[in-house]
Structure formats: structure tokens, C-alpha cells
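Working notes for the structure below.
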Amino acid sequence: NAGVTQTPKFRILKIGQSMTLQCTQDMNHNYMYWYRQDPGMGLKLIYYSVGAGITDKGEVPNGYNVSRSTTEDFPLRLELAAPSQTSVYFCASSYRQRGNNEQFFGPGTRLTVL
Amino acid sequence: AQTVTQSQPEMSVQEAETVTLSCTYDTSESDYYLFWYKQPPSRQMILVIRQEAYKQQNATENRFSVNFQKAAKSFSLKISDSQLGDAAMYFCAYRSEVGAQKLVFGQGTRLTINP
């Protein structure tokens with residue numbers, strides 16, 4: 001199993017450009033999440049999904065969109081990139097069950113908006 | 001909404017010594033988990049230890065243990081016999097067992113190990 005994979009690893013965008021951050025998991029997890037980590041800070045939840053076709057906003061959703069057409073994929077779309085979106089983006093997934101289920105994180109995408 | 005606070009932006013310890021990282025949280029829920037994650041320079045988020053709120057016994061994982069004080073809403077991490085490989089950012093996180101099991105993170109503590 002590859003776990004949670006994210007592409008690209010690094011990206012530089014100009015203000016106003018758009019891009020999609022890709023996230024794929026091969027563990028058949030029903031829950032998926034997108035977090036952002038600003039320099040020197042903890043992770044904050046952008047969007048999450050509890051299954052294919054179901055998405056919801058997290059703490060910091062403005063400027064982003066998501067879709068979940070399959071169990072495996074959960075892309076994050078940035079429209080009209082702004083310098084405030086410079087951050088490291090993490091995708092995570094987990095299997096919904098009570099107790100000892102763990103969120104597995106991808107390696108992150110470092111995005112710079114200039 | 002739940003909040004997690006780590007009041008120590010940086011900590012340092014001598015190799016082979018013991019260090020304790022602090023975390024407090026605020027919630028009105030009774031059913032939740034608490035976690036400590038390690039983030040080395042590679043950026044990978046690594047689960048170190050977890051604690052279920054219903055369990056009074058403190059969790060331990062080899063050299064890592066927690067002091068869970070539910071009434072005080074405190075969840076500290078103790079690292080014994082510190083090793084150079086323990087140097088990293090450490091994040092405390094809260095997870096409600098209601099709904100989508102979203103994680104709420106603290107601001108992090110940067111741990112330096114002095115040889």
C-alpha cells in the first residue's frame with residue numbers, strides 16, 4: 001500500500017492563478033481531510049469528506065473548493081491564488097470507526113504564491 | 001468549538017535526559033481522543049501516542065508517556081532517555097468521537113536535543 005499520496009510536492013503560483021492539489025489514498029478509507037499548516041503553526045482543517053459525494057467545510061474554507069467523486073481521490077482546488085494561501089497542505093484519511101482508528105497523513109505540498 | 005493550547009513554543013533537553021511537553025484543551029464533550037504527533041524536518045506527520053478520554057490509565061509507548069488530567073483538561077507528553085532523533089516539532093491534537101472525527105491541533109512545540 002502506498003498510503004496517502006499527494007502531488008505536487010512543491011509549487012509556485014502567481015497571484016490570481018488557479019491549481020488543483022491532488023490527493024489519493026489506497027486504504028479504502030471513507031473519511032478524507034485537507035489541512036493547511038502556516039509557518040510555525042499547527043494544522044487547520046480546510047475541508048473534509050465522509051464519503052464519495054459528501055463534502056463539508058472545515059475551519060478555513062475560504063478560497064478553496066473540493067470534490068469527492070471516488071473513495072480514493074479528494075482533490076483540493078485553489079481559485080484565484082492569493083499570498084495568504086502560501087502554506088503547506090496536508091491530505092489525510094481514516095476509516096470511520098470508534099476507537100483506535102488513526103488519521104494517515106500524506107507527505108504534504110508546499111505552495112508559495114507570489 | 002474545541003481549542004488546543006501548547007504554551008511552550010520551544011523546549012530543549014540534553015541527550016538521555018527527560019523532557020515534558022505541555023498541552024491544555026477546552027471542550028464540553030465527554031467522548032474524545034487526544035494525540036501527540038511528531039513532525040520532523042521532512043514534514044511527515046507521525047503519530048506518537050494516543051489517549052482515550054474514557055480511560056483513566058495514562059498511555060505509554062516505549063520512551064513516550066502521557067499525563068492525562070481530564071478534570072484539568074491537561075495532556076502532557078513525557079519523553080524519557082531523549083535521543084537526537086526525537087528533535088522535531090510536536091503537536092498536541094484533539095479529536096471528537098462525534099461526527100467526522102476532525103482533528104484540532106495546537107500551535108506546536110519545537111524540541112531541540114543537545115548532544
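General observations
- The residues of the stretch A:1-98 expose, per residue, 49 Å² of accessible area to a 1.4 Å probe.
- Signed unit charges on C-beta, dipole axis of chain B, positive-most listed residue B:Q107, B:S12, B:C23: B:Q107
- Contact order relative to length of chain B, as percent, for alpha carbon pairs under 8 angstrom and 6 or more apart: 37 percent
- Considering every alpha-carbon pair of the stretch A:4-97, the percent of pairs per 10 Å bin, from zero through the bin containing the longest distance, is 17, 52, 27, 4, 0.
- Protection proxy ranking for A:43-50, A:10-17, using the average of other Cβ atoms within 10 Å per residue and placing the highest first: A:43-50, A:10-17.
- For the stretch A:4-97, with all protein chains in place and a probe radius of 1.4 Å, 52% of the accessible heavy-atom surface sits on carbon or sulfur.
- For the set B:E97, B:E17, B:E29, solvent exposure ranked by accessible area (probe 1.4 Å, protein chains only) runs largest to smallest as B:E17, B:E29, B:E97.
- On a per residue basis, chain B carries 47 Å² of accessible surface, using protein heavy atoms and a 1.4 Å probe.
- Contact-buried residues of the stretch B:30-45, at a threshold of 50 Å² lost accessible area versus the chain by itself: B:R43, B:Q44, B:M45 (1.4 Å probe; DNA, RNA and ligands ignored).
- Accessible surface of chain B, 1.4 Å probe, proportion on carbon and sulfur as whole %: 45 percent
- Contact surface A-B: accessible area buried, both sides summed, square angstrom, 1.4 angstrom probe: 2100 Å²
- Rounded to the nearest 10 Å², the accessible area of A:R68 at probe 1.4 Å: 10 Å²
- Result for chain A in a Gaussian network model with C-alpha springs under 10 Å: among A:P39, A:P83, A:P75, the largest mean-square fluctuation is at A:P39.
- Its residue count N fixes a reference of 2.2 N^0.38 Å for chain B, and the Cα radius of gyration divided by that reference is 1.02.
- Centre separation in Å (Cα based) which lies between the stretch A:74-114 and the stretch A:1-72: 4 Å
- Placing one equal scatterer on every Cα of the protein assembly as shown and applying the Debye formula, the log10 ratio I(q)/I(0) at q = 0.13, 0.14, 0.17 Å⁻¹ is -0.78, -0.89, -1.25.
- The DSSP beta bridges internal to chain B are antiparallel in roughly 90% of cases.
- Heavy-atom accessible area ranking, 1.4 Å probe, most first, across A:S84, B:S96, B:S80: A:S84, B:S80, B:S96
The values are calculated or read from the model by the stated rules, or taken from the named source; none is laboratory data. Computed from a predicted model, the values in this text were never measured in an experiment. Every residue, glycine among them, receives a Cβ derived from its backbone with ideal geometry; neighbour counts consider all protein chains shown. With ligands, DNA and RNA removed, areas are computed over all heavy atoms of the protein, side chains included. Shrake-Rupley method; radii C 1.70, N 1.55, O 1.52, S 1.80 Å.
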